[in-house]
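Data first, discussion second: the structure below is written as structure tokens.
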2 protein chains.
Amino acid sequence: MCKYEEKTIKSTPIFKGRVIDVSVDDVQLPNGETSIRELVKHQGAVAIIAVTPDQRFLMVEQFRKPLEKQLIEVPAGKLESGEAPDLCALRELEEETGFTTNHLELVTSFYTTPGFCDELIYLYFTDQLVPLEEKKALDEDEFVDLHTMTMEELDQAIVDRRIHDLKTMYAVQLLKLRGY
Amino acid sequence: MCKYEEKTIKSTPIFKGRVIDVSVDDVQLPNGETSIRELVKHQGAVAIIAVTPDQRFLMVEQFRKPLEKQLIEVPAGKLESGEAPDLCALRELEEETGFTTNHLELVTSFYTTPGFCDELIYLYFTDQLVPLEEKKALDEDEFVDLHTMTMEELDQAIVDRRIHDLKTMYAVQLLKLRGY
């Protein structure tokens, strides 16, 4: 029971998609008045900070349709229905970078946009990378370039806004706080 | 012209709301195949790191309907149509905290969920707070508690997941990197 809980009076489904579902909920506010909340449901996702033995960082560059531009990001991907986050992280690491690992550390998790969406991202870290003998296939509609970047290159990419998403900027700060 | 650009073949509007618009786009992939992209449009937002003279941090606690729980976050809010981000930041600071400032530094900006949404957040910083003589009204459907927290309390709230959103966790990292 939260102090400012908003009780659902009615939930109206708007859209069911592959990535998101959308509903509009009528809610009762803490003061007894009513309002509406636009809600996006998302399966959740993982992201992986992957560090090579010579202290470079594996990053992927891909086109992001909502922004109509390419961004450089930490390897990441959506959870499939019922998939365990650590298995998803290993799968995405293998598919997007061609490396695997026996040692994935769960660093933390975070909500990306709590105001309208329930997406939760699990962030993993590994500095124990092993190249795959055989490269895994990406999803059919996925096209990414792999970059192996130094900390100086990450900093410059943030200035240039080739890195411009919050999870990757968080990952870079985390690496600095860990002494990289 | 991006290497992996996805050209829009057709855009189908699904929903137009107060906070988000949703569409489903048919796109042509770089390999000539087609796919669909579920896209959420958002006006963008601001967030403010506000530091008191005794090195405490102003935070707001509010109920987040998508998560069905209360979170502690940096003061933040949506851009109104055509609103300049710095004016929005000042407005949200005044409404949510009861403080104002003559000195707002734009620290950076970031996309929160580039995979499906174009929301861009502008992050501001101020350590020059002046209490307002008269408190400003919140939005009609907004209920928040103000917290004035130490760095130790922020760290504990992250452990306890009362702070669990990415922009606030990024802000705490940024403060540490600035020596707080």
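Tell me which residues, restricted to the range B:32-70, are outside any loop (DSSP other than H, G, I, E, B), facing chain A (nearest Cβ under 7 Å) and either in contact with a Lys or Arg (Cβ under 8 Å, 6 or more places away or on another chain) or among the polar types (S, T, N, Q) (or both). Let's see the steps before the verdict.
Here is the first cut: in the range B:32-70, the residues outside any loop (DSSP other than H, G, I, E, B) are B:34-42, B:45-51, B:57-64, B:69-70.
With facing chain A (nearest Cβ under 7 Å) added as a condition, the list becomes B:35, B:37-40, B:62-64, B:69-70.
Within the range B:32-70, B:S35, B:R37, B:E38, B:L39, B:Q62, B:F63, B:Q70 meet the criteria.
Counting the residues of the range B:101-119 that are more than 14 Å from the chain's Cα centre (by Cα) and under 11 Å from B:A89 (Cβ atoms) gives 3.
In the set B:E140, B:E83, B:E134, only one residue is more than 11 Å from chain A (Cβ to nearest Cβ), charged (D, E, K, R) and more than 30 Å from A:Q70 (Cβ to Cβ); that residue is B:E134. All conditions in (1) closer than 16 Å to B:V60 by Cα; (2) touching a His at 6+ places or on another chain (Cβ under 7 Å) hold for B:K135, with the sole exception of (2). Kindly check whether there is at least one residue in the range A:1-15 that is among the basic types (K, R), in contact (Cβ under 8 Å) with a residue 24 or more places away in the chain, surrounded by 17 or more Cβ atoms within 10 Å (Cβ to Cβ) and facing chain B (nearest Cβ under 10 Å). No, there is no match, as no residue in the range A:1-15 is among the basic types (K, R), in contact (Cβ under 8 Å) with a residue 24 or more places away in the chain, surrounded by 17 or more Cβ atoms within 10 Å (Cβ to Cβ) and facing chain B (nearest Cβ under 10 Å).
Return the residues of the range A:148-170 that are of a type outside the set (D, E, K, R), in contact with a helix residue (DSSP H, G or I) (Cβ under 8 Å, 6 or more places away or on another chain) and touching a residue at least 24 places away in the same chain (Cβ under 8 Å); say none if nothing qualifies.
Narrowing the range A:148-170 to residues of a type outside the set (D, E, K, R): A:148-151, A:154, A:156-159, A:163-164, A:166, A:168-170.
Cutting the leftovers down to in contact with a helix residue (DSSP H, G or I) (Cβ under 8 Å, 6 or more places away or on another chain) gives us A:149, A:151, A:154, A:158, A:163-164, A:166, A:169-170.
Matches in the range A:148-170: A:M149, A:M151, A:L154, A:I163, A:H164, A:L166, A:Y170.
Restricting the range A:79-100 to residues that are in contact with a helix residue (DSSP H, G or I) (Cβ under 8 Å, 6 or more places away or on another chain) and surrounded by 19 or more Cβ atoms within 10 Å (Cβ to Cβ) leaves a set whose member that is farthest from B:P75 (Cα to Cα) is A:F99.
So, A:L129, is that one within 14 Å of chain B (Cβ to nearest Cβ), surrounded by fewer than 21 Cβ atoms within 10 Å (Cβ to Cβ), touching a strand residue (DSSP E or B) at 6+ places or on another chain (Cβ under 9 Å) and not polar (S, T, N, Q) or not? So that I can check it myself, show each step before the final result.
Details: within 14 Å of chain B (Cβ to nearest Cβ): no; surrounded by fewer than 21 Cβ atoms within 10 Å (Cβ to Cβ): yes; touching a strand residue (DSSP E or B) at 6+ places or on another chain (Cβ under 9 Å): yes; not polar (S, T, N, Q): yes.
No; evaluated as a whole, the condition is false for this residue.
Tell me whether the range B:148-155 contains one or more residues that are crowded, with 21+ Cβ neighbours inside 10 Å and in contact with a Pro (Cβ under 8 Å, 6 or more places away or on another chain). Lay out the reasoning, then the answer.
Step one: of the range B:148-155, the residues crowded, with 21+ Cβ neighbours inside 10 Å are B:154.
Those left that are additionally in contact with a Pro (Cβ under 8 Å, 6 or more places away or on another chain): none.
Within the range B:148-155, not a single residue is crowded, with 21+ Cβ neighbours inside 10 Å and in contact with a Pro (Cβ under 8 Å, 6 or more places away or on another chain).
I need the full set of residues from the range A:76-112 which are without any contact (Cβ under 8 Å) to a residue 12 or more places away in the chain and closer than 25 Å to B:G44 by Cβ, in order please. Answer for the range A:76-112, where residues must be without any contact (Cβ under 8 Å) to a residue 12 or more places away in the chain and closer than 25 Å to B:G44 by Cβ: just A:Y111.
Would you point out the residue of the range B:1-31, among those that are outside any strand (DSSP E or B) and of a type in the set (A, V, I, L, M), that is nearest to A:I72 (Cα to Cα)?
So the first thing to find is which residues in the range B:1-31 are outside any strand (DSSP E or B), and the list is B:1-6, B:17-19, B:29-31.
So of that shortlist, the ones also of a type in the set (A, V, I, L, M) come out as B:1, B:19, B:29.
On the way: B:M1: 16, B:V19: 27, B:L29: 19 Å.
The selected residue is B:M1.
State all residues of the range B:147-162 that are at the interface with chain A (Cβ under 9 Å from one of its Cβ atoms) and among the hydrophobic types (A, V, I, L, M, F, W, C); if no residue qualifies, say none. First the steps, then the outcome.
So in the range B:147-162, the residues at the interface with chain A (Cβ under 9 Å from one of its Cβ atoms) come out as B:158, B:161.
Matches in the range B:147-162: B:I158 only.
Coordinate-derived values only; no laboratory data. This is a predicted model, so every value here is computed, not measured. Note: ideal-geometry Cβ built from the backbone for every residue, glycine included; neighbour counts use all protein chains shown.
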